[in-house]
Amino acid sequence: MSTASREFLRRAAEKSADLNHREILRRVVDNCNTSMDSGRLRFANWEAARQRCHEIKWEALNNLDRYLLEFEQRVKDRGGYVFWAENSAEACGYITDLAISRGVHKVVKSKSMVAEEIHLGPALEKVGIEDIETDLGEFIVQLRKEAPYHIVSPAMHLTRKDIAALFKEKLGDIDTDDPQELVAAARRALRRAFFSAEMGISGANFLVADAGMIALTTNEGNARLCTSVPRIHVAIAGIEKVIPRLQDLALFWPVLATAGTGQPITCYNTLTGGPRKPNEVDGPEEFHVVLLDNGRSELLADAERRDVLHCIRCGACLNACPVYRTVGGHTYGTTYQGPIGSVLTPHLRGLNEFQHLSYASSLCGACTDVCPVKIDLHHHLLENRRDAVRSADRPFTERIGFKIWRWAMQSEGRFALAGWFARAAMRIAHSMKLEGTALDPLGPWSKNHASPAAPKRSFRALWGKANGAD
Amino acid sequence: MAQTESASRDKILARIRAALREPAPRHEPASQPKTIFAPVTEALARFQKECATNITECIVTPNRRASASAVKDVLASIPPGDVFVQDSPELRQFAEEWSKDRSIQWSSEGPPRESSQATITACEALVAQTGSVLVSAACGGRGASVVAPVHIVIATVDELVPDLDAALASVLERGIVSVNSYLCLITGSSRTADIEKILVMGAHGPRRLIVFLSLA
């Protein structure tokens, strides 16, 4: 068992037993799901919207080279720079070199999952550049030195009392748990940062090929300040974020908002392309886009699972997932949590180390039903399990168990014999109180569940008797 | 840096091209395209209804002159400090009325100061479907509609389009996308629900968004 897997199981056991944590999680997630349910009703046909999103993303991904080159050309025409990074080290290297060469001391960042993925914050700190998260949720988890808890709501595991205590300790000028006051305190602290930073770093919700612009969606307006005030703007995005046409946003903007938070549309949907033009009032002097591969082209090569790259990071599958709702975001120990994280992480960081995530699912399919771009999430989890069995290390008991199963399923007699052994083994285990111990092959299950008593007769025997075959 | 750039670019593109030799399966499109959004019929009524939902103050006036006078009343209700105004011939006309009580900073004089109390701009389009205001860098710059705590938009009913699709088509057609480095679709004022999902207005941007929509 990998270290990541052991840690996952340990944290999952701890978090699922923490009833207070589960209550917070349940309240917040239920709230999201209720909003999303009513949000979907604003569409004349939500299913048609999902289908169309799927088609647009399919077109973009299956012509990815063409649309990326179109995007690159248009950004260059607008006076911006495009850097292609194969991995985290190259992406971080480009950004830190740029910051150093331009004399940057302070960076303001608007929420970016890709920045989390490549660990950009620590890379900047390492070269002595101060890095400040400006999305309120990200700002809070940064002050706590924690990873984001959820793709969309990074601080959703915290109560206002937790945040009040944190602000009192770190910001100093506040002592209340009123959300309005807490937000005002963060606003004051971050305003100072926006107006003193030399570089703003953002992610991108979409890279719009025909316009040569990046699209950013925020409610708070922090991404707008990040991309307007500092003299350099760097946007970082996975190569899969490209969409063909500006007009596709007429569908994606409402869909992202509905699936993400249940809003009809998010407050600020911004498009930026290039630095400030000579006749414009403000804006950065330099505009850079970092296009990150980091394992995405390998996932692209897997036609069966290429649609994983359709993901618009709305977080709906996290909210729908019974596993996420029980164990919470930090248990995963990954940048992307929940069903999409469980599908994606083994591809980005190695199947052997992260195969356990494919099993952190009941395969109920709630994630697939809710996905606004129709990613077949639960089948992909099943495919990852298949691949794990083929190529990764699986426990000895599992391999033997399935060998016996295969042997037993091949004839009626073998099946009856195996059934007799199993019932006998259950009786012995029960009488010796072995259930849930290391000697019990069903240990992980029976540790937390009471086993039923072993039946005296097999189902086949009962069936035969009931149907008068005896 | 330049060396690495071209090398990685070529490698990534080569991998993408190799990856795409096998097409991905897809959910087949419906034979009859289905309507995704119900068409917007009464644009003005819809715009007002959506504004009420997304917490935009939408005030309908008979003409632009009346809008300008109404702006004066709003300015009287906000704390002292600069008012940042998009420098356009039309707004210059109205400024005389506003500048009696407030000092005005024009967008041609530089970006808005952090201390500014309100911003007054025009817009590129109003979207009935979502109750949104579409602005570009030409509307006083990027900071205009986000730095000050109050954003006032002076618009006419001619700028109202039924839906997002029409709004994006319109800015493409009029060359606004290629001319500007920045566009923003604004729907309501800045908000956050990052603390216990409790809605708080005015996270980083304006606490109030006021649209004066004149019928002529």
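What to note about this one:
- Any hit, segment A:145-153, residues being more than 11 Å from every other protein chain (Cβ to nearest Cβ) and either modelled with pLDDT of 95 or more or on the phi > 0 side of the Ramachandran plot (or both): yes
- Here residue A:16 clears all of (1) away from chain B (no Cβ under 11 Å); (2) modelled with pLDDT of 95 or more except the condition numbered (2).
- Within segment B:32-76, the residues that satisfy the criterion of being of a type in the set (A, V, I, L, M, F, W, C) and not in a helix (DSSP H, G or I) are B:36, B:37, B:38, B:40, B:55, B:58, B:59, B:60.
- Per-region count, segment B:201-213, residues without any contact (Cβ under 8 Å) to a residue 60 or more places away in the chain and surrounded by fewer than 24 Cβ atoms within 10 Å (Cβ to Cβ): 2
- Residue under evaluation residue A:25, criteria (1) at the interface with another protein chain (Cβ under 10 Å from one of its Cβ atoms); (2) surrounded by 22 or more Cβ atoms within 10 Å (Cβ to Cβ); (3) modelled with pLDDT under 95, criterion not met: (1)
- Applying the criterion of at least 3 residues that are within 19 Å of residue A:157 (Cα to Cα) and either modelled with pLDDT under 95 or outside the structural domain of residue A:61 (by TED's automatic domain parsing) (or both) to the helices (runs of 4 or more DSSP H) found wholly in segment A:236-347 leaves A:316-320, A:322-327.
- Condition met for residue A:446 (among the polar types (S, T, N, Q) and over 30 Å from residue A:316 (Cα atoms)): yes
- Checked against (1) within 14 Å of chain A (Cβ to nearest Cβ); (2) more than 21 Å from the chain's Cα centre (by Cα); (3) surrounded by 12 or more Cβ atoms within 10 Å (Cβ to Cβ), residue B:39 meets all criteria but (3).
- Complete set of residues in segment B:3-31 that are in a helix (DSSP H, G or I) and more than 10 Å from chain A (Cβ to nearest Cβ): B:3
- When B:122, B:155, B:148, B:216 are checked against the criterion of being more than 8 Å from every other protein chain (Cβ to nearest Cβ) and crowded, with 24+ Cβ neighbours inside 10 Å, B:148 stands alone in meeting it.
- Considering each residue of segment A:222-237 in turn, at least one proves to be under 26 Å from residue B:128 (Cα atoms) and either of a type in the set (Asp, Glu) or more than 7 Å from chain B (Cβ to nearest Cβ) (or both).
- Cβ pairs under 8 Å, 6+ apart, first in segment A:53-76 and in contact (Cβ under 8 Å) with a residue 60 or more places away in the chain and more than 7 Å from every other protein chain (Cβ to nearest Cβ), second of a type in the set (Val, Ile, Thr) and part of a helix (DSSP H, G or I): A:53/A:255; A:68/A:239; A:68/B:16
- Segment A:165-176 residues that are closer than 16 Å to residue A:132 by Cβ, paired with ones that are assigned to a loop (DSSP other than H, G, I, E, B) (beta carbon under 6 Å, 6 or more apart): A:167/A:174
For (1) part of a strand (DSSP E or B); (2) hydrophobic (A, V, I, L, M, F, W, C), each residue gets a yes or a no:
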{"position": "A:76", "(1), (2)": "no, no"}
{"position": "A:90", "(1), (2)": "no, no"}
{"position": "A:107", "(1), (2)": "yes, yes"}
{"position": "A:131", "(1), (2)": "yes, no"}
{"position": "A:151", "(1), (2)": "no, yes"}
{"position": "A:165", "(1), (2)": "no, yes"}
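- Among all residues of segment A:201-219, there is none that is in the same structural domain as residue A:110 (by TED's automatic domain parsing) and part of a helix (DSSP H, G or I).
- Residue within segment A:274-285 that is of a type outside the set (A, V, I, L, M, F, W, C) and touching a Leu at 6+ places or on another chain (Cβ under 9 Å) present: no
The values are calculated or read from the model by the stated rules, or taken from the named source; none is laboratory data. Predicted, not measured: the structure shown is a model, and the values here were computed from it. Backbone-built Cβ (ideal geometry, glycine too); neighbour counts: all protein chains shown.
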